Amino acid sequence: MNAFGAFWQILPSDLRDRLQNDSKRGQLLEVILDLGRLPEARYLGEFGGKYLRSTEVSVEELEYAQSAVGEFGGDNRAGIEGTLHRISAIRSRKGAIVGLTCRVGRAVSGHIDMVYDLLHYGKSILFVGRPGVGKTTVMREIARVLSDEFQKRVVIVDTSNEIGGDGDIPHSAIGTARRMQVPEPSLQHKVMIEAVENHMPEVIIVDEIGTEAEAHACRSIAERGVMLIGTAHGEWLENIIKNPILSDLIGGVDTVTLGDEEARARRCQKSILERKAPPTFYFLIEMRERHYWVTHKTEKSVDMLLRGKTPLVEIRKRDDRFNVVVDRWKTYDRHDI
């Protein structure tokens, strides 16, 4: 059975038949099954969804899907062994599953050329962007390229098995990178440190950095000279700057009171914001769309934004022929901090 076949098997038979014969199945992003509502399909590059039939999802259909998937983890996510598909559950107050988001996982190649040149620097890179722009897909391909082409010792800390797929044997899409699974999401930071202390990686890849402990673990890893590739919750650099939990990733932000003379010399207020320390990630990439990225040199951009100025950035995008075009020294389309 191919990987898509495994995905079809968790769906009600009528939905399975309809989607298999759908001309847009190659762009299928996810199927939504909510109790008492019409089942819905969502597609890459399209806003909103498409109802798949005129009758609501039943308890029996959710129970069938749950039995086909198996056990859900502490983050209410599960996978299908040997594939990259992700099934996420919504539960009632009593713990019963009342909704499923069935996300199609694809080993998509071609994203790497958007960032390939930056990998040669050996510097840490943080990706931010709204859900669905392909952050996890990029992590997967970077893991493969750094391990196979660059011959680096790469360890993936795979909290929900999204990067390496479900099951004990990781998906071939990550190349020869090694994968450490995380028993509970709250333990991600401990597994990150364990990876460095026990397995001598040159590169650590971690998805969805979201807690203070994980941010501190990132800093500890970076201070040991290990290259970090990660994603964080946020859509813009400013989201990270303003987030007291994650701001450590970009060096942290402190309020500093200047003397009268210094304030006059700088032509600014006496109370200003400054970066506390070197950033954990040398580059920060805002994935605005799948094929439109804004690349920051983190230290320079953070300092400029904290001073109320507009930094210069690189715009990475694809042209009509799908070739990557890099526009350097472009004025950042900034948002107020």
Can you say whether residue 214 is crowded, with 19+ Cβ neighbours inside 10 Å, charged (D, E, K, R), in the same structural domain as residue 122 (by the TED database) and part of a helix (DSSP H, G or I), as far as the supplied structure shows?
yes
Using the structure shown, decide if residue 202 is open to solvent by 50 Å² or more (accessible area, probe 1.4 Å) and at pLDDT below 95.
no
Condition (residue is among the hydroxyl-bearing types (Ser, Thr, Tyr), touching a strand residue (DSSP E or B) at 6+ places or on another chain (Cβ under 7 Å) and either within 27 Å of residue 161 (Cβ to Cβ) or assigned by the TED database to the domain that holds residue 188 (or both)) applied to segment 40-50: is it met by at least one residue?
yes
Show the residue pairs meeting these rules: Cβ distance below 7 Å; 6+ apart or different chains; first residue within segment 246-262 and among the polar types (S, T, N, Q) and at pLDDT 95 or above; second residue surrounded by 12 or more Cβ atoms within 10 Å (Cβ to Cβ) and not in a loop (DSSP other than H, G, I, E, B).
247/240; 247/241; 247/253
Would you check which residues across segment 217-231 are farther than 21 Å from residue 243 by Cα and open to solvent by 30 Å² or more (accessible area, probe 1.4 Å) and list them?
223, 224, 225
Of all residues making up segment 139-175, the number that are open to solvent by less than 20 Å² (accessible area, probe 1.4 Å), farther than 26 Å from residue 74 by Cβ, touching a helix residue (DSSP H, G or I) at 6+ places or on another chain (Cβ under 7 Å) and not hydrophobic (A, V, I, L, M, F, W, C)
1
For residue 84, only one of the following conditions fails: (1) farther than 22 Å from residue 325 by Cα; (2) at pLDDT 95 or above; (3) not polar (S, T, N, Q). What is its number?
(2)
Give me the residue from segment 186-204 that is under 19 Å from residue 146 (Cα atoms) and in a helix (DSSP H, G or I) and, out of that set, nearest to the chain's Cα centre (by Cα).
192
Go through 271, 301 for me and flag whichever is over 30 Å from residue 45 (Cα atoms) and of a type in the set (Ser, Thr, Tyr).
271
When the residues of segment 139-185 are filtered to those that are among the hydroxyl-bearing types (Ser, Thr, Tyr) and part of a helix (DSSP H, G or I), which remaining residue is nearest to residue 232 (Cα to Cα)?
147
Subset of segment 244-288, residues within 28 Å of residue 316 (Cα to Cα) and of a type in the set (D, E, K, R), comes to 248, 275, 286, 288
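The values are calculated or read from the model by the stated rules, or taken from the named source; none is laboratory data. It should be emphasised that the depicted structure is a prediction, and the values quoted were computed from it without experimental measurement. Cβ sites come from the backbone with ideal geometry, for glycine too, and all protein chains shown count toward neighbours. Note: areas computed on protein heavy atoms with side chains; ligands, DNA, RNA excluded. Shrake-Rupley method; radii C 1.70, N 1.55, O 1.52, S 1.80 Å.
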